[in-house]
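Before any comments, here is the structure.
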Amino acid sequence: MKKPGMIHLFLPVMLLMALSVLAACGKTAPVETRLIRVGFSQLGSESDWRLANTRSMTAALSEENGFELLFDNAKQRQENQLLAIRNFIQEEVDYIVLAPIMESGWEDVLQEAKGAGIPVIIVDRQISVEDEDLYSCWVGSDFREEGELAIRWLEAFLQQHSRAGEPLRILHIQGTEGATAQIGRTAALEHAIRRHPEWEIIGVLPGEYTEAKSYELVRDFLKTEQDIDVIYSENDNMSFGAMQALEEAGLSYGSDGCVTIISFDAVHDALQLCLEGKINACVECNPLHGPRVSALIQQMENGKTPEKRNYVEETLFQADTLTEEQLREREY
Ligand code: AHR
């Protein structure tokens, strides 16, 4: 069984010894560094967030940074992710990085990775496994807290507009069922509904985090129901789709409109719309995990055990306080 980290620690020591012998003889030798082989199973390319995440990962795990990256895009299908991981095991990579489409269904394949002695790092969404030793660590967002940020904003917004306590009709556009981002953001809304009997969810649409799906679902929904106060959309791309459908139906939205839009991710285009007052509030979900994953691998290479769960700090942007400067500073 391969012991993680051992080979990489051993080789540099041997190399140093060889170099000192050569130096003592007054000769020099070309220094060869071994690349760390990483297999990265990305769940898909469903959103602007995901594209930014892939860019961050591939840039950080580049050859110049000492990595050989085996990248696989699973096109939003868990079975493709399982195939990719099995392929990485065959390839005897040093590390497997997994951005899982959903929380369940990983036990068997991760058992195989463990059997092969390959450490697994989970990024973005989480996995649900009985044996927590099946993966080394996770880095990503606190999705429940993102939802709570959105709800706190909505409560304050209603208060500010003297609408607290009034009936509120919410259209909920959900991300991929069973994904941590969906579970956390949905839980925050459902929890708020229990606290606010005057709030009502008038529809739950499975938008799968894509603009096209959300557009179609909202367009069809609006054919029979147009009395909507709030759209709670679990990512920016689904908000874009919803906004297009609202426009086509002749419904106004945003700061000066009838429908309040709450969105998640805060990618550049969404913040531009927020600045223009078309999205009322946008909760940040940070996709720049590449350097974080690279740092976790370096820790393991140095024989350290990283923290099991690594949360990223995030904020909320709102139309009435967002500035041009904040938008310019946006990296994704
Ligand atoms: O898991 C993070 C979510 O996945 C982002 O909110 C969404 O845009 C992406 O597809």
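With labels modelled as points extended 7 Å from the Cα through the Cβ direction, what inter-label distance (nm, one decimal) is found for residue 256 paired with residue 103?
Label at residue 256, label at residue 103, 4.3 nm between them.
Counting only residues 5 or more places away or on other chains, whose amide H sits under 5 Å from the amide H of residue 70 once H atoms are built in the peptide plane?
Here the answer is 38, 39, 40, since their amide H atoms fall under 5 Å of that of residue 70.
With helices defined as uninterrupted DSSP H runs, which ones in the chain have an alpha carbon span along their own long axis of at least 24 Å and mean Kyte-Doolittle hydropathy of at least -0.5?
Numbers: long enough: 6-24 (28 Å, 2.32); 143-160 (26 Å, -0.34).
Once both thresholds are applied, what remains is 6-24, 143-160.
Hey, could you pull the Cα Rg and Dmax for the chain, both in Å?
23.3, 86
Among the GluC sites (Glu not before Pro) in segment 29-133, which ones are in a DSSP loop with at most 14 other Cβ atoms within 10 Å of the Cβ? Mind listing them? Walk me through the numbers before you get to the answer.
Numbers: sites: 32, 46, 63, 64, 68, 79, 91, 92, 103, 107, 112, 130, 132; in loops: 32, 46, 63, 64, 91, 92, 103, 130.
Of the GluC sites (Glu not before Pro), the ones in loops of segment 29-133 whose Cβ has at most 14 other Cβ atoms within 10 Å are 32, 63, 64, 91, 92, 130.
Would you work out which of 221, 303, 106 lies farthest towards the positive end of the dipole of the chain? Charges go on Cβ: Lys and Arg +1, Asp and Glu -1.
Of the options given, the answer is 303.
Starting at 0 and stepping by 5 Å, how many percent of the alpha carbon pairs of segment 193-253 end up in each bin?
Final binned percentages: 4, 19, 30, 25, 13, 8, 1.
Using alpha carbons only, how many angstrom separate the centre of segment 280-299 from the centre of segment 184-209?
Cα centres, segment 280-299 to segment 184-209: 26 Å.
Let me know the charge dipole size of segment 144-194 about its Cα centre in debye, to the nearest 20, where only the beta-carbon of Lys, Arg (+1) and Asp, Glu (-1) is charged.
Working: 6 positive and 7 negative charges, 26 e Å.
Here the size comes out at about 120 debye.
Within segment 248-269, what residues put their amide N at less than 19 Å from the label point 7 Å along the Cα-to-Cβ vector of residue 187?
Correct set: 264-265.
Which FRET efficiency, nearest 0.05, do residue 272 and residue 155 yield, Cβ-Cβ r, R0 22 Å? Walk me through the intermediate numbers first.
Details: r = 26 Å, r/R0 = 1.18.
So, using R0 = 22 Å, E works out to roughly 0.25.
Once amide H atoms are built 1.01 Å from N in the peptide plane, which residues 5 or more positions from residue 75, or in another chain, come under 5 Å H to H?
Excluding prolines and chain starts, which carry no amide H, the hits are 44, 45.
With just the Cα atoms defining each centre, how far is segment 42-68 from segment 83-162? Give it in Å.
So the separation of the two Cα centres works out to 16 Å.
Please go through segment 153-192 and write out the GluC sites (Glu not before Pro) that DSSP classes as loop and that have at most 11 other C-beta atoms within 10 Å. Don't jump to the answer; show the numbers that get you there.
Numbers: sites: 155, 177, 190; in loops: 177.
Sites meeting the loop and neighbour criteria: 177.
Where a number appears in this text, it was derived from the coordinates with a stated rule and is not lab data. Given the structure is predicted, the values throughout are model-derived calculations rather than measurements. With ideal geometry, Cβ positions are generated from the backbone for all residues, glycine too; neighbour counts draw on all protein chains shown.
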